[in-house]
Structure formats: C-alpha cells, structure tokens
Amino acid sequence: MNQNRQADGIHGMVEPKAMCPSAKKLRDTYAIKPDAPLFHKTFGLWFCIDSWYDNGLDRDTDLEAFFYLDPSGHHELMELGWCEAALEPMFEERVIEQFDEYDLVQDFAGRHVLYFKGRRNGFMPEYRDHPVKDWKTWENNVKWRLDPESDIRYADLVQRMETAIKEAGTGKMIQQRFIGGYMYLRSLIGPEDILYFLYDQPDLVHDCMRVWLELADAVTARHQQFVTFDEVFIGEDICYNHGCLISPEMMNEFLFPYYQQLISNIRSRQIDKQRHLYVQLDTDGLSTPVIDIYREKISMDMMSPFEVAAGNDLLKTARDYPDLVLSGGIDKRVLAQGHDAIDRHVESIIPTLRKRGGYIPTCDHGVPPEVTWENYLHYRKRCVELGI
C-alpha cells in the first residue's frame, strides 16, 4: 500500500476488521447502512443526575454499563467553544450582587447571570447582561481574548494530539467541535440585542465573525497537522419552538460566508484527501425549516436533536431526507410517563429508523428531573432490544 494511504486512520481509513467495535458501529450509522445495529449513546443527563443520586442511584454506578451505552465511537477535539466563545483568558467569575434567594454573578463568558443561591447547574439560568454592547466593549473586553496566536491555547497540543492519533488508529471518528456563529454572537451580545445589532451595527457583527473565523481556522490548522478530521460539529441553537431565530437572509450575510471559508480551508488541509468530511449541526427548537439552507450552503450531513415539543417530526424528516443522519427525537416528556408510554413511543420510532439506517436514538434535549432513573433504564433497555 502506498505510504501516503497507510491505513492508520490519518493517512488512510483503518480497515473495518481493525476498528474497535464502537467505531465500526458508529461508522455504519454515518454511512446510513440499512438494518445495522443502532449505536447507543446518551444525551442531556445534566438536569436529572443529581435527582437520581438523591433517589437511590448509587453514585459509583458506571453509567455507561448500567444504561447499556456503547463506548464512544468519536474522539472529540475541542478548544473552539461550545455554548460560549472560546475566550482565553476567560472572565473572572465573581458575585456582583446578592439577593434573598439569588446571586447575580459574572460568569466565565463575561455575562451577568442570575442563579439560585448555592446552585449553579441543573436549571436554565437568567442572563441579565452580556459583554459586548458596542465597538469599545468588543475591543476592550473581548476581542483580545480571542487571539488565535495565544500560546496558552496550544500549551498541551502535543499531548492532546498524541491521544487523538492513538484514537484515530482504532478507527474512531475524529470530530472537531466548535461554537456556531449564531451561538457565538448570542453569547457575546445576547439573544435580544443581537437581533438589533444585525440591522444597526452590521460592521461590528462582521468583525466579530472575522475573529471567529481567524480563531477557528488557526486552531483547526494546528490540529490538522496531526490528524484527519472525519466530522465538524457545529453547536448552533439557531431555532426556537416556532422556527429559526434569524432569517435566511441574515444567515447568508453573517454566517455562511465564514462557515464556507472555514470548511473549505479544513477540506484543503486534510491529510487524507479522500476522506469524506461530515458536517453536523446541533440546534434546539423547530429545526426542520433550516435543513435545506444548511444542506445547500455547507453540505450538512447530520442534524440533532429534533425536539418533539417544538414540532419536529422525526419520521417525516427521515422520509424527506433519506441521506441525512439523524440523532435525537425521543420525547423527554414521555420518559416521565411510565413504562407503557415509553414502550409505545420508542416502538413508533426505532424499528422504522433502524430499517432505514443512519439514526442514533437519544433524548431530544436535557432529561428533566421528573424522569426517574428507573424509567430511563427501561427506555434504554427498550432501545437496545429494538436496535439489535
């Protein structure tokens, strides 16, 4: 075999027989292989896990084994933010003001957040302020924290890449995760103010996005010196329960030129030039209205998590887009309704999508605390039984 195509997961794909079982299973899913066994992972236990421990689940439980989950088939590369911009250094976390039941806190992303006293996780916080209000606050408070040449961003690069190279050698999909442009702008400016900025301060928004691109391009270029990417995963959250939060016209102006440039640069740098680069978009809310535009503009291959309460119809989406990989779509509310309701729900989804291929069953967002661990375990058992 040509040295440049050696089957090491970097220069060439690992042979299927040499892949770890979870990688083989996950790659069959991405290939939309009909009737392939389902890949099993969880999503969104952060809301419920403390309640489960308080209600009898042993804190030493191996959750992966207990809930019949597959070992990861991905190796995730981070360093580019997720729900917040990849600030370096981050803002100092400090209490700004105290009330009887709440604390007003400056968080690591520079936002002012209202938290319950003594509790920072397991609920949706209330944001009172964001760090970017104009050109001055952007340049003085934030822009310098997004310097792509900051040495500290790469301090552990060699160690991280040694792990990534080893994981690629087992056939695991190397996934680069990054905060999407809308989520990034929202974290800097706020969900309401960004709607005004798009009209009133477009030059500032474009400057924010130019910096987003420069940072993402620099970090991915460093990573690509060592590994070939199998997937880029965009944390976007650009939808709510009635559709998209900004118009396609605004996406075309402020998001897609930067996405297209980044993805083009990533593709041009791939060590294995023959490797397909999957593009996954993660957005809450009613996501089906944006499928066509993301497929057209950035060749989206996969979407998650299809919130049922927002009106997503997973089976219809599977029919309408037979070449789209799907993850999610299990109604979190049903998991609180008992075994019979869970049985009816998963039996209406999993057999059809297993036959189609290209589906990973997960909850459609954070599992609420009213879902008991016993109900969740029953749901997981049924997923395994139906997904073999």
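Some observations on this one:
- Selected from 309, 23, 109 as most flexible by GNM, with the chain as the system and alpha-carbon contacts under 10 Å: 309
- Partner lysines for residue 25 [C-alpha distance under 27 Å; skip if fewer than 8 residues away on the same chain]: 17, 33, 41, 166, 172, 273, 316, 332, 355, 381
- Between residue 249 and residue 207, residue separation times 0.36 nm minus the direct Cα-Cα distance comes to 13.3 nm.
- The DSSP beta bridges internal to the chain are antiparallel in roughly 40% of cases.
- Distance-filtered residues of the range 283-312 - backbone nitrogen under 18 Å, label point 7 angstrom along residue 348 Cα→Cβ: 306-312
- Debye, to nearest 20: dipole size of the chain, +1 on Lys, Arg Cβ, -1 on Asp, Glu Cβ: 1480 debye
- A Förster distance of 22 Å, applied to the separation of the beta-carbon atoms of residue 165 and residue 221, puts the FRET efficiency at 0.85.
- One quarter of the convex hull surface built on the alpha carbon atoms of the range 194-248 amounts to 5.2 nm², the projected area averaged over directions.
- Computed on the range 169-290, the Cα convex hull volume stands at 109 Å³ per residue.
- Placing dummy labels 7 Å off each Cα toward the beta-carbon, the span from residue 355 to residue 119 is 4.5 nm.
- Estimated at 0.36 nm per residue, the fully extended path between residue 309 and residue 260 surpasses their Cα-Cα distance by 14.5 nm.
- The chain gives an Rg/Rh value of 0.96, both radii derived from C-alpha positions and Rh following Kirkwood.
- Placing a pseudo-label 7 Å from each Cα along the Cα-to-Cβ vector at residue 195 and residue 68 gives an inter-label distance of 4.4 nm.
Each reported figure results from applying straightforward, stated rules to the coordinates on display, with no laboratory input. This is a predicted model, so every value here is computed, not measured. Positions of Cβ are generated from backbone atoms using ideal geometry, with glycine treated the same way; all protein chains shown enter the neighbour counts.
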